[in-house]
Amino acid sequence: MLSYRHSFHAGNFADIIKHVVAVEILEHLTKKEKPFEYIDTHSGTGLYNFKSAQARKLEEHAGGIGKLKEEEYPELARYFEVIKSYNEAGKRNLYPGSPLFAKYFLRPQDRAWLFELHPEDFKSLCLNTNRQRKIKVACSDGLKGMEALMPPKSRRGLVLVDPSYEIKTEYDQVFSAIEKAHKKFATGTYALWYPVVDRPTINKLKNKFIRSGIKNIQCFELGVLPDSDERGMTSSGMIVVNPPWGLFDKMSKLLPKLARTLGESDDLIYQCEQLVDE
Ligand code: SAM
């Protein structure tokens, strides 16, 4: 299939919740000297240019990162710091994807494993990550790749699962892959991004996690419009297994604020839930 290209969507409202949560987890992992591993099952190209023909076609970033003023969000200082590190001073033409957010936090002792199946996006990803020794990039299926890495050597890390959900069965596949990985690496942090296009599909996905027997699961969601069958994605969220301490508190304060800035309706659309207790 592989018709989805993230370059049309980078920097939109969905990327914000995804990357803000990823930054919080990565920052937490660097608090200890012990190495950690970052696994990105669906990496994309790593870096996006808002001046490219693809980005200009939909201008989705204008309704996302384009609406966020750094001075109004001191609590997102690290998130903005990463974005600024890939841009010329005073400009915001480039937007990092999840692999480059992670790369910013990697220390010499840490490792990253990046999977991207689209051959063109894989080439760009190789260029954008500069083929560093501590970063392994593969043009292969990310869920199988994750399985093969379990448990990672360092026994600490973040697994980001961010598919394009082009096929409906992907919702079941991502849950099964995380459930399987968790059996071998129960202490890892897993962050699964999901779009809200059809609410019953998301309720089903959440229920699978709730009934899985996996402990300590939180869910964060941010929307720009109420649920609708006709508008495509109106909200998106992150299901986080083994979230770092403090994430829930931070997101509880941040999500209503982001919903106010990014929302396109009178209602503030967000959710912050402890799906399964510790
Ligand atoms: N995680 C990226 C970010 O935050 O910047 C965006 C990823 S985008 C939503 C999903 C990517 O997954 C696309 O680039 C697509 O080509 C890739 N993809 C689709 N199926 C895949 C698979 N089975 N394994 C690895 N990558 C896949």
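The values are calculated or read from the model by the stated rules, or taken from the named source; none is laboratory data. All figures in this text were calculated on a predicted structure; none of them were measured in a lab. Note: ideal-geometry Cβ built from the backbone for every residue, glycine included; neighbour counts use all protein chains shown. SASA here: full protein model, heavy atoms, side chains in, ligands and nucleic acids out. Shrake-Rupley method; radii C 1.70, N 1.55, O 1.52, S 1.80 Å.
Listed values, structure above:
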| quantity | calculated |
| --- | --- |
| For Ile39, residues with placed amide H under 5 Å, excluding near neighbours | Trp113, Leu158, Val159, Leu160 |
| Segment 176-234: relative contact order as a whole-number percent, Cα under 8 Å and 6+ apart | 41 percent |
| Integer Hz, Karplus 6.51/-1.76/1.60 couplings in order for segment 263-278, x for Gly and Pro | x, 10, 10, 6, 7, 8, 10, 7, 9, 9, 10, 8, 6, 9, 5, 5 |
| Label-point separation in nm, Glu179 to Lys134, each point 7 Å along Cα→Cβ | 3.6 nm |
| Segment 9-95: projected area of the alpha-carbon convex hull, averaged over directions, in nm² | 6.4 nm² |
| Value of relative contact order over segment 1-117, rounded to a whole percent, pairs C-alpha under 8 Å and six or more apart | 44 percent |
| Taking N as its residue count, the alpha carbon Rg of segment 129-278 over 2.2 N^0.38 Å | 1.10 |
| Per residue, in Å², the accessible surface of segment 108-240 once ligands and nucleic acids are set aside, probe 1.4 Å | 46 Å² |
| Mean projected area in nm² (Cα convex hull; one quarter of hull surface) for segment 218-278 | 4.4 nm² |
| Label-point gap, in nm, between Glu59 and Thr187 - each point 7 angstrom along Cα→Cβ | 5.0 nm |
| At R0 = 35 Å, FRET efficiency that the Cβ-Cβ distance of Glu88 and Glu27 yields, to 0.05 | 0.90 |
| Cα-based radius of gyration of the chain once divided by 2.2 N^0.38 Å, which approximates compact folds | 0.93 |
| Contact order relative to length of the chain, as percent, for alpha carbon pairs under 8 angstrom and 6 or more apart | 21 percent |
| Area accessible to solvent at Asp141, 1.4 Å probe radius, in Å² | 60 Å² |
| Rg(Cα)/(2.2 N^0.38 Å) for segment 21-157, N = residue count | 1.09 |
| Pair Glu120, Asp229: separation of 7 Å Cα→Cβ label points (nm) | 3.5 nm |
| 5 angstrom amide H check on Ser154, placed H, neighbours 5+ away | none |
| DSSP bridge pairs, the chain: antiparallel proportion in percent, nearest 5 | 60 percent |
| Debye log10 I(q)/I(0) for segment 134-194, one point scatterer per Cα, at q = 0.15 Å⁻¹ | -0.44 |
| Whole-Å semi-axes of segment 96-207's equivalent ellipsoid (Cα gyration tensor) | 24, 18, 12 |
| Surface share of carbon and sulfur [accessible, 1.4 angstrom probe, percent] for the chain | 51 percent |
| Trypsin sites (Lys or Arg not before Pro) restricted to DSSP loop in segment 141-215 with at most 12 other C-beta within 10 Å | Lys153, Lys168, Lys215 |
| Theoretical gain in end-to-end length, Glu72 to Lys253 [0.36 nm per residue, Cα-Cα removed] | 63.8 nm |
